[in-house]
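Down below is the structure, laid out as structure tokens.
The values are calculated or read from the model by the stated rules, or taken from the named source; none is laboratory data. No experiment lies behind these values; they were computed from the predicted model shown. Cβ: placed from backbone, ideal geometry, glycine included. Neighbour counts: every protein chain shown. Surface areas here come from the heavy atoms of the whole protein model, side chains and all, with no ligands, DNA or RNA. Shrake-Rupley method; radii C 1.70, N 1.55, O 1.52, S 1.80 Å.
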Amino acid sequence: MAIQILIHGFLLSGLYALIAIGFTMIFSVGRVLNLAYGVYIMLGGYTYFMAAQEAGLPVFVSFILALLSGVAFGLLTYELLVRRLENNPVAVEISTLILAVVMQAAIILIFSPSPKSMWPVLRGVLRFEEVSVTANILLATGVSWVVLALLMLFVRRTHLGRAIRAVSMDRRGALISGIDPRNISRVTWGLSGALGAIAGVFFATITQLDPHMWVFPLITAVAVVIVGGIGSILGGLIAAHIIGFLETITTTLIAPELRGVVTMALIIVVLVVMPKGLFGKEEL
Amino acid sequence: MLRNILAGLAVAMVAIWSLSAPPPASAADTVKVGYIGSFDTDTGKSTIRGTEIAIEELNAAGGVLGGRMIELVKADTREDVAEGIRAYEYLNEVENVDFIISGSIDDVSLGWLERMAEYRTPTLDTWTSFIGIIDKVVEDYDKYKMYFMNVACDFALAMLYVDFGKDVLAKDMGWKTVVVMQEDTAFAGGVYELIEQVLAPEANIKILEHIVYDINTVDFAPIYNKAAASKPDFIYLISSVRSQVPASQYVKLEVPVPMTGINVAALGKEFWTDSGGLGGGISTLSPIPSLGFELDERSADFYARYQAKYGDARPIFPHFNGFNAYYGMLNAFAAAERAGGFAPLDKWVEEMENEDIVIEKDGEMWLRYAFWKPGEIEPRTNREYTHNIKFDIQPPYDQGAPSMVVIQWYSDGSTSVVYPPKYANGKFEVPDWLK
């Protein structure tokens, strides 16, 4: 039982971290909750489905197309909505939520409301004693770690990454230093779209595609951000593991139907006891 | 003189107007049928299309109730209880319908049921199978007598599934232990109770574990591993919402235990493509006519018209409720013809109770669209099923169609009925990785 919890907790946490990280970035830099974030995940999944499963394109090419769809939609969200409303965070949140609902309707129109299962990116099953694990979720966890490591390096070691951090710390100060916050916002929204789309490919291949699939990742991302602390990539990573392990323990030892309830209870406790989250800070 | 000229002119004007003007549209010119259910789901579309084909047929034959045309109006429930109640109110208060045909899911039907009792509108359900509704008709006939359900109720479905458990799971496969995995819904809870109280003791199958999961569960690996750790002979899945998630993850994980049960996603022909070709080895209980079910001549003709009208638009094969809607409409309007309309209600109800469409195949009873009458006792369960479809849950199934069949998906994407033997045209199989 312990090995089952350890393996599944670890794998689920990796997936949650991948889902949440793009959401964290937007909040840290733009100070807005992007409620259309789940759409990047949904678009990534559907684009990969169309490319790999319907058109028969190679996995790598399909993956790149999915990623590009996330980048494009992230940029479009910024240019068409966020930039025009950037002084009004509430308007941004409402408009991104409406955008998500509109996109859901569009997906229903194009693909029908019926869910679709996707072939795994990597096929195969591994067994550790009595525990079955798909190669696909192992790959998702691996990708999650690589993406997070690259993101940390990008943010801390590159000029553009440092510019993103500067804007997240002090937008006006960054502007005085010659950094164009709008360009940085564009990069951040594009990057967030890419991260969401990558998460979407794995999320969809592990679960399923359906027009409502944007809701669960959005809730997960919000939970991770609240528990981990706003603006902290490392905090988000740790929070993803806390939530992943908590859900696995609940599923395995208590009752599977309580898994979501435990996460919600954790959010309430953190909001009451540590409103800034476990590792909350103002910048990335 | 002038007065006479003016009067003649007025008469002439009225005559010209009455000859040239189109007849005013009024509710009395058409008979209004209201559809209540989802517009978007495959199951909802099946009921809509079955109804549309029946309306075309009845209108083409010269109309109903003295040559009146039937008009279909629709109200979307979005599979939501509150929307369902509003939809029922809309059909009655705004559209003023004569008859309602429903493709609602169980919870939604339960939601609008009290409105139905208030409006006293004749209503036929084609998808809902909750026995609690039939029990209401039995217990308070005067209040709910306008309600008919032409799919076998879940209790009848379960009774025949007990036979499948005894004959196939226990006897043929030699399985003695099970882990039941059910979604957290009222429907699944009811089915579990039947499994616990009837299937397990009658088929001598021991329930090792009962796992209830949230319908929003995205990762079934811990659940399947927990089930497999109990080392059962098989897993019994009860899933009506987001059924593709547990089904496809079962295949992706190559869970080392066979699985059968109720999987609503596997009822449609699109399951194969929707599951990315990962549905092989999945079997599920299904009301009839189902995928893999051999169609009689009359039902095959209905399906041919369905194909001609809807082509490749999903669902390309109607779910069982599409057939039920078609035959149910014929039942309802035949009863209305004899009763002189849908009102007075008592007369229509009496005639609907006398409706009996018997469909034979190769000289034997194949399908039957009739209803249990008040006070009539089903011999096997020794209970009443007033206004439920007249099912038969004892071989040789010569009093009605069986309440359900078990359908099997194979790894080449084909399907067969594997139980009961009278309707079987394939064999029960476990997935390839377990052979």
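Observations, loosely collected:
- Close Cβ contacts (under 8 Å, 6 or more residues apart or on different chains) running from residues in the stretch A:1-26 that are within 12 Å of chain B (Cβ to nearest Cβ) to residues that are among the basic types (Lys, Arg) and part of a helix (DSSP H, G or I) comprise A:GLN4/B:LYS226.
- Scanning the stretch B:36-73 for residues that are within 14 Å of chain A (Cβ to nearest Cβ), closer than 25 Å to B:ARG115 by Cα and among the acidic types (Asp, Glu) yields one hit, B:ASP40.
- Taken together, the residues in the stretch A:179-202 that are charged (D, E, K, R) and modelled with pLDDT of 90 or more amount to 1.
- Unique residue being within 21 Å of the chain's Cα centre (by Cα), small (Gly, Ala, Ser), modelled with pLDDT of 90 or more and not in a loop (DSSP other than H, G, I, E, B) when the list is B:SER299, B:SER290: B:SER299
- Residues (in a loop (DSSP other than H, G, I, E, B) and of a type in the set (A, V, I, L, M, F, W, C)) located in the stretch B:254-287: B:VAL255, B:VAL257, B:LEU278, B:ILE282
- Entry remark, the stretch A:72-98: residues being in a helix (DSSP H, G or I) and open to solvent by 40 Å² or more (accessible area, probe 1.4 Å) number 15 in total.
- Number of the exception - A:HIS241 against (1) open to solvent by less than 30 Å² (accessible area, probe 1.4 Å); (2) at negative phi: (1)
Table: residues versus (1) crowded, with 20+ Cβ neighbours inside 10 Å; (2) modelled with pLDDT under 90; (3) within 14 Å of the chain's Cα centre (by Cα); (4) within 14 Å of another protein chain (Cβ to nearest Cβ).
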| position | (1), (2), (3), (4) |
| --- | --- |
| A:ALA36 | yes, no, yes, no |
| A:TYR48 | yes, no, no, yes |
| A:LEU57 | no, no, no, no |
| A:PHE63 | yes, no, no, no |
| A:SER69 | yes, no, no, no |
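- Number of the exception - A:MET42 against (1) in contact with a Pro (Cβ under 6 Å, 6 or more places away or on another chain); (2) surrounded by 24 or more Cβ atoms within 10 Å (Cβ to Cβ): (1)
- Elements of type helices (runs of 4 or more DSSP H) contained in the stretch B:1-95, each with 1 or more residues being farther than 22 Å from B:ASN331 by Cα and modelled with pLDDT of 95 or more: B:81-93
- Qualifying residue in the stretch B:114-123 (condition: under 23 Å from B:GLY189 (Cα atoms) and touching an Asp or Glu at 6+ places or on another chain (Cβ under 7 Å)): no
- Residues of the stretch A:99-111 satisfying the condition of being open to solvent by less than 70 Å² (accessible area, probe 1.4 Å) and either among the hydroxyl-bearing types (Ser, Thr, Tyr) or away from every other protein chain (no Cβ under 13 Å) (or both): A:LEU99, A:ALA100, A:MET103, A:ALA106
- A:VAL146 being among the β-branched types (Val, Ile, Thr), farther than 23 Å from B:GLY276 by Cα and at pLDDT 85 or above: yes
- Across the stretch B:212-247, the number of residues qualifying as facing another protein chain (nearest Cβ under 7 Å), of a type in the set (Val, Ile, Thr) and assigned to a loop (DSSP other than H, G, I, E, B) comes to 2.
- Single unsatisfied condition, B:PRO256 versus (1) touching a residue at least 60 places away in the same chain (Cβ under 8 Å); (2) facing chain A (nearest Cβ under 8 Å); (3) surrounded by 23 or more Cβ atoms within 10 Å (Cβ to Cβ): (3)
- Residue check, B:ALA54 of a type in the set (A, V, I, L, M) and free of Cβ contacts under 8 Å to residues at least 24 places away in the same chain: no
- Among the conditions (1) in a helix (DSSP H, G or I); (2) within 14 Å of chain A (Cβ to nearest Cβ); (3) of a type in the set (Asp, Glu), the only one that B:ASP312 does not satisfy is (1).
- Of all residues in the stretch A:179-208, those satisfying the criterion of being away from chain B (no Cβ under 14 Å) and not hydrophobic (A, V, I, L, M, F, W, C) are A:ASP180, A:PRO181, A:ARG182, A:ASN183, A:SER185, A:ARG186, A:THR188, A:GLY190, A:SER192, A:GLY193, A:GLY196.
- Residue in the stretch A:169-178 that is part of a helix (DSSP H, G or I), within 14 Å of chain B (Cβ to nearest Cβ) and at pLDDT 85 or above present: no
- Only one of B:LEU278, B:LEU267 that is touching a residue at least 12 places away in the same chain (Cβ under 8 Å), open to solvent by 10 Å² or more (accessible area, probe 1.4 Å) and more than 7 Å from chain A (Cβ to nearest Cβ): B:LEU267
- Taking the criterion of being more than 7 Å from every other protein chain (Cβ to nearest Cβ), in contact (Cβ under 8 Å) with a residue 60 or more places away in the chain and either of a type in the set (Ser, Thr, Tyr) or open to solvent by less than 70 Å² (accessible area, probe 1.4 Å) (or both), the only residue of the stretch A:112-132 that qualifies is A:VAL121.
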